[in-house]
Amino acid sequence: RRGKPRPTPSLPRGKMAAPALRRRCGRAAGLWGGPLRAPPPPLPLSLRRRAHHQQQQPRRARGAGGLLAVQCERGLFQEVFPAQSAEEQLPGLLEPGRPPLTAYCGFDPTADSLHVGHLLPVMGLLHFQRAGHNVIAVVGGATARLGDPSGRERAREAPSAERVREQARGLRAGLERLFGNHRELFWGAGGGRLGQAELLDNAWWLGRQPLLDFLGGAGGRLRMGTLLSRQSCQARLRSPEGMSLAEFLYPALQAYDFLHCHHGYRVQLWGADQMGNIMSGYELVTKMTGTDVFGITVPLITSTTGDKLGKTAGNAVWLNRDKTSPFELYQFFVRQQDNVVEKYLKLFTFLPLEEIDHIMEMHAKEPEKWGPQKRLAAEVTKLVHGREGLESAKRCTKALYHSSVEALEAMSDQELQELFRQAPSAELMLEPGMNVLDLCRKANAIPDGPSGYQKITDGGVSINGIRVTDPETVLILGQHILKNGVSLLRVGKKNYYIIKWLQL
């Protein structure tokens with residue numbers, strides 16, 4: 001709605017408003033606890049009625065009008081701001097037949113790859129897209145040079161402009177891959193309208209914005225008291241290091257992103273730690289345009305110790321293959337415990353809720369099969385790395401944990417290097433009569449002398465998953481040397497050596 005700008009709620013009112021929508025989403029999802037924050041209070045009455053109405057319908061019949069209710073039930077949408085106007089307007093704006101909205105989310109290129117911590121905001125965009133709405137992913141090529149102070153005890157090291165540009169290119173490529181894999185592998189032709197997806201970089205407009213124009217325009221509408229009252233700002237101002245002007249202006253630049261594109265954007269989507277920045281964007285857009293806009297947060301995924309997954313904490317599980325292989329990503333999700341796997345199936349996959357219920361029912365009967373974990377790992381790996389990435393992860397799993405010769409023979413050099421990142425590799429020529437002892441010594445896998453010989457006879461050596469106890473055993477093509485010209489030598493439990501045979 002355009003016209004005379006409405007008064008912007010002060011920060012205390014904002015703090016009251018955000019939990020109201022958390023009530024709206026949290027209890028409907030039934031997913032609180034574990035690594036996804038504490039339980040919220042009950043839903044407001046009007047939204048309880050709406051959620052009850054949705055639950056009485058078959059889940060497959062829920063359309064775009066139920067986007068908020070369904071995603072709250074999945075646990076994906078955590079808070080909405082401002083609560084009152086969102087409750088009044090958003091459900092109607094999302095009804096089928098209404099013009100599509102546009103939702104956006106920003107990703108600062110502090111590295112050249114996304115990580116698992118970014119997946120939930122991306123999932124939020126994809127669910128909007130699946131409901132027929134348009135989505136925009138904004139890479140923060142400008143804001144990354146300042147650094148977001150949220151949740152940080154000290155300032156980031158200022159990166160060079162070239163480094164940020166390179167990392168921004170990496171993030172755009174990763175986002176393109178995710179949206180492409182979703183469109184190709186998770187969206188059927190008969191699924192209705194898939195909204196448009198676009199990638200932008202805020203360096204394209206902030207980099208050309210004159211300083212005085214910015215300060216005289218947007219800077220004149222943002223209140224110092226509001227910015228200073230942010231929890232992240234207060235914490236940094238009390239710290240020995242203090243807070244730089246660049247960091248202090250970070251929320252103002254994020255708010256300007258929303259203002260710059262407000263003709264298309266109606267919804268901001270961020271992680272739960274970004275509510276302060278959402279409020280700044282809301283304040284600026286409503287003051288300068290009078291347009292009703294909204295913010296939605298998604299949960300933060302944490303480690304078992306409660307740390308936020310990401311680069312800062314040093315526990316990032318990356319989405320680029322050169323940093324975390326498809327096998328490693330697959331194993332990260334396969335290893336999730338029973339107390340979180342149902343939540344993760346709802347958050348990280350597009351599986352219908354009734355199918356997830358069935359998966360968990362089967363798991364209760366056959367927990368030893370780890371069915372939910374394997375399905376979760378397969379769905380996420382396929383979204384991130386495509387169908388071939390999932391097949392690669394399964395080959396590596398069979399080769400490493402099931403000693404599958406067929407899987408080893410089908411593995412590429414890249415997969416071998418990914419699976420055995422720390423394993424030494426050697427290129428050898430097969431000589432007539434070459435035996436197991438010769439192989440181990442040429443690969444520097446055992447010490448010279450009797451102790452190395454004894455290592456083999458004691459059963460401490462295997463080739464391609466088969467234990468060898470006779471050091472004099474002559475190497476045989478097809479058994480010790482696979483069809484792809486590779487031997488996987490293991491000495492002890494964890495010491496692997498990759499042997500590539502030349503001129504076979």
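Contact annotation: residue pairs with Cβ atoms under 8 Å, 6 or more positions apart or on different chains, pairing a residue in region 363-376 that is without any contact (Cβ under 8 Å) to a residue 24 or more places away in the chain with a partner that is of a type outside the set (A, V, I, L, M, F, W, C) and open to solvent by less than 100 Å² (accessible area, probe 1.4 Å), are LYS369/HIS363; GLY371/HIS363. One residue is enough: does region 107-123 have a residue meeting the conditions more than 26 Å from LEU345 (Cβ to Cβ), part of a loop (DSSP other than H, G, I, E, B), without any contact (Cβ under 8 Å) to a residue 60 or more places away in the chain and touching a helix residue (DSSP H, G or I) at 6+ places or on another chain (Cβ under 9 Å)? For region 107-123, residues more than 26 Å from LEU345 (Cβ to Cβ), part of a loop (DSSP other than H, G, I, E, B), without any contact (Cβ under 8 Å) to a residue 60 or more places away in the chain and touching a helix residue (DSSP H, G or I) at 6+ places or on another chain (Cβ under 9 Å): present.
Restricted to region 133-165, and to residues that are among the charged types (D, E, K, R), in a loop (DSSP other than H, G, I, E, B) and under 22 Å from the mean Cα position of the chain (by Cα), which residue is modelled with the highest pLDDT? Residue satisfying both the conditions and the ranking: ASP148. If you filter region 231-261 down to residues that are of a type in the set (S, T, N, Q) and over 12 Å from GLY276 (Cβ atoms), you find that the one that is most open to solvent (accessible area, probe 1.4 Å) is SER244.
Working carefully through the options PRO450, PRO372, find the one that is more than 22 Å from LEU488 (Cβ to Cβ) and out of contact with any helix residue (DSSP H, G or I) (no Cβ under 7 Å at 6 or more places or on another chain). Only one candidate qualifies: PRO450. Within the set GLY106, GLY97, the sole residue that is on the phi > 0 side of the Ramachandran plot, open to solvent by 10 Å² or more (accessible area, probe 1.4 Å) and assigned by the TED database to the domain that holds LEU146 turns out to be GLY97. For a quick check of your reading of the model, give me the residue pairs whose first member lies in region 401-428 and is acidic (Asp, Glu), whose second is surrounded by fewer than 17 Cβ atoms within 10 Å (Cβ to Cβ), with beta-carbon atoms closer than 6 Å and at least 6 apart or on different chains. Partner pairs satisfying both residue conditions: GLU409/LYS483; GLU409/ASN484; GLU427/LYS500; GLU427/LEU502.
Take ARG266 and tell me if it is open to solvent by 20 Å² or more (accessible area, probe 1.4 Å), modelled with pLDDT of 85 or more and closer than 23 Å to PHE179 by Cα. Taking the combined requirement at face value, the residue satisfies it.
For region 416-442, the tally of residues that are open to solvent by less than 50 Å² (accessible area, probe 1.4 Å) and within 39 Å of the chain's Cα centre (by Cα) stands at 6.
Pairs are defined by a Cβ separation below 6 Å, a sequence spacing of at least 6 or placement on different chains, a first member in region 476-504 that is in contact (Cβ under 8 Å) with a residue 60 or more places away in the chain, and a second member that is assigned to a loop (DSSP other than H, G, I, E, B) and polar (S, T, N, Q); the pairs so defined are LEU488/ASN464.
One residue alone among VAL341, VAL293 is assigned by the TED database to the domain that holds GLY276, crowded, with 17+ Cβ neighbours inside 10 Å and free of Cβ contacts under 8 Å to residues at least 40 places away in the same chain, and that residue is VAL293. Only one of the listed residues (ALA218, ALA173, ALA168, ALA235) is touching a Phe, Trp or Tyr at 6+ places or on another chain (Cβ under 6 Å) and either at pLDDT below 80 or not acidic (Asp, Glu) (or both). That residue is ALA218.
Residues being under 27 Å from VAL380 (Cα atoms), open to solvent by 10 Å² or more (accessible area, probe 1.4 Å) and part of a loop (DSSP other than H, G, I, E, B) are entirely absent from region 170-179. One residue stands out among those in region 377-394 that are of a type outside the set (Val, Ile, Thr) and free of Cβ contacts under 8 Å to residues at least 60 places away in the same chain: the one that is nearest to GLY478 (Cα to Cα), which is GLU391.
Here LEU376, LEU309, LEU319 are screened, and the one residue that is at pLDDT below 95, within 14 Å of the chain's Cα centre (by Cα) and not aromatic (Phe, Trp, Tyr) is LEU309.
For region 467-480, which residues satisfy the criterion of being among the aliphatic types (A, V, I, L, M) and either farther than 22 Å from LYS493 by Cβ or exposed (fewer than 12 other Cβ atoms within 10 Å of the Cβ) (or both)?
Let us first name the residues in region 467-480 that are among the aliphatic types (A, V, I, L, M), namely 468, 474-477.
Matches in region 467-480: VAL474, LEU475, ILE476, LEU477.
The values are calculated or read from the model by the stated rules, or taken from the named source; none is laboratory data. Being a predicted model, the structure only gives us computed values, none of them experimental. Cβ sites come from the backbone with ideal geometry, for glycine too, and all protein chains shown count toward neighbours. Please note that ligands, DNA and RNA were not included when accessible areas were found on the heavy atoms of the full protein model with its side chains. Shrake-Rupley method; radii C 1.70, N 1.55, O 1.52, S 1.80 Å.
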